[in-house]
Amino acid sequence: MKVAAVVVTYNRKGELVKNIRSILSQSYVVDRYYVIDNHGTDNTEEFLRQEGILQNPIIEYVYLEENIGGSGGFYTGLKMAYDDGYDYICLMDDDGRPSDNDMMKNLVEMAETIYSSHKDMLLNSLVCGPESILSFGLSGGLKTKEIAAEREQDGLIVGTINPFNGTLVSKELVDSIGFPNKDFFIKGDEQDYYYRALRSGAFVATVFNSNYYHPVLERVSFKFMGRTKKGSTEAPWKEYYRARNFTYMFKRDKEPKKYVTQNIRQIVLAIKFNPKKMETIRMILKGWRDGLRGNLGPTVRP
């Protein structure tokens, strides 16, 4: 069994080093760690060299000739590991890291346990912030580790994950559904891969005792359709990609209600909380239109 890991990074060399050191200090150390630098401008390569990281034979540092977004970065890293013959590939962003020394061991051991019955698999660590709060939450109202423990069965929470945060992909799943959609650029590529895995009939689950740290997503409360919701609003160009990519996904999956609801919700959030209200609304509407047309790729730049 050969296991690789992939981290995609862009101008976060300090956080990246924390991630790499944590991976290299795991009780189960991966055979290869692909560090995909998305054309960053903060001298990440030199910093890693000064820290003695590039001298480690496990590390394979790749500097991309252009910024192809997170989706392109994960496409590149997963494809490299798959082409190099790894059985499992663990995907991570650069602002998270294992919570303890056994995160990878517990993840891989669970994969080996269920492999005979579920070769196509997408397993995820439990993604936690401080004080047992789940960084993004899991479907079914799971917001804390204590609540998640009530849902866990045989070490697994089946059917829900926080993808690309300590996410283990089997080579058989790649055989079945391919790679992340590199044309998304940013926003939604991880959810798209998750949805594609579910639609293919793959086994998708969170491994309860494999814990991965990620800062808690900051969200605001607001009223939407008579109910109190939580959400976030970002820079106009980022909201464009959110609207475009989720519209594209939900249209493809014949779920128009979902993209209509999500886009209207983001417009409400922009009106209430975004300092660039009109620009953000225009970008959401443009993303909505481009998603319906299937106009993907890096169509908008910061």
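The values are calculated or read from the model by the stated rules, or taken from the named source; none is laboratory data. What you are looking at is a predicted structure, and each value in this text was computed from that prediction instead of being measured. All Cβ positions, even for glycine, are placed from backbone atoms using ideal geometry, and neighbour counts span all protein chains on display. All accessible areas refer to the heavy atoms of the entire protein, side chains included, with ligands and DNA or RNA removed. Shrake-Rupley method; radii C 1.70, N 1.55, O 1.52, S 1.80 Å.
Summary of values
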read-out	value
Failed criterion for M225 (all others in (1) surrounded by 16 or more Cβ atoms within 10 Å (Cβ to Cβ); (2) modelled with pLDDT under 95; (3) of a type in the set (A, V, I, L, M) hold)	(1)
Verdict on D95 being modelled with pLDDT of 95 or more, on the phi < 0 side of the Ramachandran plot and touching a His at 6+ places or on another chain (Cβ under 8 Å)	yes
Qualifying positions in the stretch 52-74 - in contact with a helix residue (DSSP H, G or I) (Cβ under 6 Å, 6 or more places away or on another chain) and buried (at least 23 other Cβ atoms within 10 Å of the Cβ)	S71, G72
Hits in the stretch 59-69 (condition: in a helix (DSSP H, G or I) and under 10 Å from I36 (Cα atoms))	none
Enumeration of residues in the stretch 184-205 that are over 22 Å from C128 (Cα atoms), open to solvent by less than 20 Å² (accessible area, probe 1.4 Å) and part of a helix (DSSP H, G or I)	F184, A197
In the stretch 271-280, the residues that are in contact with a helix residue (DSSP H, G or I) (Cβ under 8 Å, 6 or more places away or on another chain) and either open to solvent by 30 Å² or more (accessible area, probe 1.4 Å) or small (G, A, S) (or both)	I271, K276, K277, E279
Whichever residue in the stretch 241-270 is open to solvent by 50 Å² or more (accessible area, probe 1.4 Å) and not in a helix (DSSP H, G or I) and, among such residues, is farthest from V220 (Cα to Cα)	K254
Scan of the stretch 115-174 for residues that are at positive phi and modelled with pLDDT under 95, ordered by number	E131, S132, G137, G140, G141
Residue match in the stretch 85-102 (condition: among the hydroxyl-bearing types (S, T, Y), in a helix (DSSP H, G or I) and either in contact (Cβ under 8 Å) with a residue 12 or more places away in the chain or over 23 Å from F203 (Cβ atoms) (or both))	no
Count of the stretch 130-160 residues which are open to solvent by less than 10 Å² (accessible area, probe 1.4 Å) and more than 19 Å from the chain's Cα centre (by Cα)	1
Test: residue in the stretch 161-183 that is in a helix (DSSP H, G or I), among the acidic types (D, E) and surrounded by 19 or more Cβ atoms within 10 Å (Cβ to Cβ)	yes
Flag if T299 is over 22 Å from V216 (Cα atoms) and outside any helix (DSSP H, G or I)	yes
Filter pass, L107 being in a strand (DSSP E or B) and not polar (S, T, N, Q)	no
Criterion (over 19 Å from E218 (Cβ atoms) and touching an Asp or Glu at 6+ places or on another chain (Cβ under 9 Å)) met by exactly one of M92, M80, M110	M80
